[in-house]
Amino acid sequence: MRDAVIVDAVRSPVGRRKGGLAEVHPVDLSATVLMALLDRTGIDAGLVDDVVWGCVGQVGEQAGNIARNAVLAAGWPESVPGTTVERQCGSSQQALHFAAAGVISGQYEIAVAGGVESMTRIPMGSARRVGLGDAYSDAIKQRYDGIEFNQIRGAESLATKYELNRTWLDEYALRSHQRAAQAVDEGRFTGEVVPVTLPDGTKLEADEGVRRSSTFEKLGQLDPVFPGGRITAGNASQISDGAAALLVMSGERARQLGLTPLARVHTATVVGSDPVEMLGGPIPATERVLERAGLTLEDIGAFEVNEAFASVVGAWLRTTGVDEQRVNPLGGAIALGHPLGGSGARLAATLVHHLRAEGIRYGLQTMCEGGGMANATVFENLAPNA
């Protein structure tokens, strides 16, 4: 049976909203990570059968099939196609699933998966504000009569359901910043981050969101989004700009090209969940992907559970009982940022490099998604010492 391996995985630094990447067109940001894959692996761009790209706000500069536009901006041959995927926050994780499935089925020999989001240039929700009607039809409104679909309310619901008080949420958020700062200081991201040349000729080389001066006391001073609630800007993911890309092919093709894979896409799945609570999907997604992989939680050495909100990770931890030390060990979206369409690929890049660096055999990635969905992926480190 054919397999799908990740030969390399790269990402841009994650920029803060209106920060270092604010003047970079999302097409060009995407092109930067595409070009980096070729520079690092030395393969001919003309060998790539498809580029599968995640992006949530497909309007304005991110409209018109940004995957194809990124291929052209990267200077790749016109023969290389591209397609754009939208599964909310899991868009680029789903892009990886599609690319891996294409390789395993034989439709692709080589594919690139990844994604981008410039939340500075295309603010969250822009596609719904163009005056072309409501995304929720009358049939949906009848099914969920009087109910508002809102991610922050979903995060509050999880905090209540799993008894996660404000103290726990803020303490978790602080640990995310502390872990990310330590990872930066130890050079843990150097294998995955590629610099982005800015319009003024300077380069952004490091993530901008890590708050080294953050304290529990400072987080406690932030007002909740909803009066009486627990969710604040401090214990939720940051609004960010960024892109990431993964080079996917069969193990046989990698050997033919003399390339050493980082990891194998062992098992991939996606689930639907309650669209009102919205953010609880990582729990059943984790259960399903482990069942299909024939593995247990104890087999997994590292987890990436996207920190859309601290309560998402808290609910997952309370349900699974996993030791928090194995979860988001290098920090997560609360500290690093959450460029929506690029986050799935960003997490995957961080995870596969971490597996290799630590000699861990299996890693699991999962993330909640708007509308009540979640992807989950198990990666297997193919290094001899794993």
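Here, each number is a calculation from the coordinates, and none is a lab measurement. Small disclaimer: the values here were computed from a predicted structure and weren't measured. Heads up, the Cβs are rebuilt from the backbone with ideal geometry, glycines too, and the neighbour counts pull from every protein chain shown.
Structural remarks
- Taking other residues whose beta carbon is less than 14 angstrom from the beta carbon of A155, and scoring Lys, Arg as +1 and Asp, Glu as -1, yields -3.
- Counting only alpha carbon atoms, the long axis of helix 282-293 and the longest principal axis of the chain meet at about 40°.
- Ranked by how many other Cβ atoms sit within 10 Å of their own Cβ, fewest first, the residues E171, E78 fall in the order E78, E171.
- Cα gyration tensor, the stretch 67-226 - rounded (a/c under 1.5), prolate or oblate: oblate
- Structural size metrics of the chain, computed from C-alpha coordinates, are Rg and Dmax of 19.6, 60 Å.
- Rounded tilt (10° steps) of 166-185 against the dominant C-alpha axis of the chain: 30 degrees
- Principal-axis tilt of helix 310-320 within the chain, Cα atoms, nearest 10 degrees: 80 degrees
- Once the chain from E78 to N65 is taken as fully extended at 0.36 nm per residue, the excess over their C-alpha distance is 3.2 nm.
- Note on A383 and E171: the extension gain reaches 72.8 nm, defined as 0.36 nm multiplied by sequence separation minus the Cα-Cα distance.
- Normalised by the number of residues in the chain, the mean separation of alpha-carbon contacts (under 8 Å, six or more apart) gives a relative contact order of 28 percent.
- Cross-link partners of K218 among lysines (Cα-Cα below 27 Å; sequence separation of 8 or more within a chain): K18, K161
- In range of the label at K141: residues from the stretch 269-284 whose backbone nitrogen is under 15 Å from the point 7 Å along Cα→Cβ: none
- Spherically averaged projected area in nm², based on the convex hull that wraps the Cα atoms of the stretch 266-379: 6.2 nm²
- 3J(HN,Hα) along the stretch 26-31: x, 5, 5, 5, 5, 4 Hz, from the Karplus curve 6.51 cos²θ - 1.76 cosθ + 1.60 with θ = phi - 60°, whole Hz, x for Gly and Pro.
- Here's the picture: a label point sits 7 Å out from the Cα of R129 along the beta-carbon direction, and within the stretch 38-58 the residues with their amide nitrogen under 18 Å of it are 56-58.
- Assigned charges on the beta-carbon of Lys, Arg, Asp, Glu; the chain dipole about Cα centre (debye): 220 debye
- Using a Förster distance of 22 Å, the FRET efficiency for T190-K18 (Cβ separation, nearest 0.05): 0.25
- The stretch 1-69 - Debye-derived log10 I(q)/I(0), Cα point model, q = 0.13, 0.15, 0.21 Å⁻¹: -0.46, -0.61, -1.06
- Packing-based ranking, highest mean first, of 135-142, 295-302, 177-184 given that Cβ atoms within 10 Å are counted: 177-184, 295-302, 135-142
- Order of W53, W168 under a 10 Å beta carbon neighbour criterion, fewest first: W168, W53
- Taking only the C-alpha atoms of the stretch 1-149, Rg followed by Dmax gives 17.2, 55 Å.
- With the charge dipole of the stretch 218-301 set up from +1 on Lys and Arg Cβ and -1 on Asp and Glu Cβ about the Cα centre, the Cα lying farthest toward the positive end among the listed residues G272, G301, I283 is that of G301.
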